[in-house]
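A short write-up of the structure that comes next.
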Amino acid sequence: VFVIEEFVQGDEYSCDFAVDGEHVEIIRIARKILDTKQAFGTTLAYLLPSPLPEGLEENSFRNQLGTAAKSLGLNRAICMLDFVVRDNQAFMIELAPRPGGDCIPPLLLNSCGTDILGCTLDFVEGHPFISNESLQWRPLVGVRLFAKCSGQIEQIDSSALLQDHRIVDCHLRRGPGHRVVLPPQDYESRLLGHVIFEPTGSESIENECIEIASKLKIEMKRQLCTTVSPS
């Protein structure tokens, strides 16, 4: 028995969807911005909303989602899927019977007012998932804030972030005393929180994400580092 792996290069996306028997409802699609300066596969930011990627046909994609869920024995669930689009095909990376985590719930709440965690609780209680196609979406970006060096945090300063007029929400999950260990030893401790902002469109989204993330200042023992070095 052997396994052959293939590297699939293309734009990466994340989506939430509800499956209830034969019915599949796409809740949201977000495009990912990967951080090529960090460990392979690290997501720097999510763009919401994102349209159905070019080349994908909606009914075919819904059928693919339903087939994938059923292959895991999921007949009724709200699911999260990460996928890469190449040659007009969606190559599935990960599917889990839960809504998207990380900064996706607050990003979705600020973008269109949908409380995905509340919707999930209602769904598991037996209530039907009610789609609201008339939702008004506000284009927003959720940036993950990383420490770029190992060590123990002495101070963390988000004042420059909070003064930026683009910022909609800022949440730090770490504070002084937290110890950062970088990959490959640890992939989780470097993540300090997230910030949600409204893009201006004056420059590339990638550059704007890096510029905003660099506003978070972290003082480690005997050295000062920022979350992301501007390119």
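The values are calculated or read from the model by the stated rules, or taken from the named source; none is laboratory data. Note that the structure is a prediction, hence the values are computed from the model and not measured. Virtual Cβ from ideal backbone geometry, glycine too; neighbours counted across all protein chains shown. Protein only, heavy atoms only, side chains kept; ligands, DNA and RNA dropped before computing areas. Shrake-Rupley method; radii C 1.70, N 1.55, O 1.52, S 1.80 Å.
Scanning the range 99-115 for residues that are within 18 Å of K32 (Cβ to Cβ), part of a loop (DSSP other than H, G, I, E, B) and open to solvent by 20 Å² or more (accessible area, probe 1.4 Å) yields a count of 2. Quick check: is even one residue across the range 158-173 β-branched (V, I, T), under 30 Å from P51 (Cα atoms) and exposed (fewer than 15 other Cβ atoms within 10 Å of the Cβ)? Within the range 158-173, none of the residues are β-branched (V, I, T), under 30 Å from P51 (Cα atoms) and exposed (fewer than 15 other Cβ atoms within 10 Å of the Cβ).
The residues on offer are Q38, Q9, and the sole one that is in contact (Cβ under 8 Å) with a residue 24 or more places away in the chain, open to solvent by 60 Å² or more (accessible area, probe 1.4 Å) and not charged (D, E, K, R) is Q9. Against the criterion of being open to solvent by less than 40 Å² (accessible area, probe 1.4 Å), without any contact (Cβ under 8 Å) to a residue 40 or more places away in the chain and either among the aromatic types (F, W, Y) or over 28 Å from F40 (Cα atoms) (or both), G118 qualifies.
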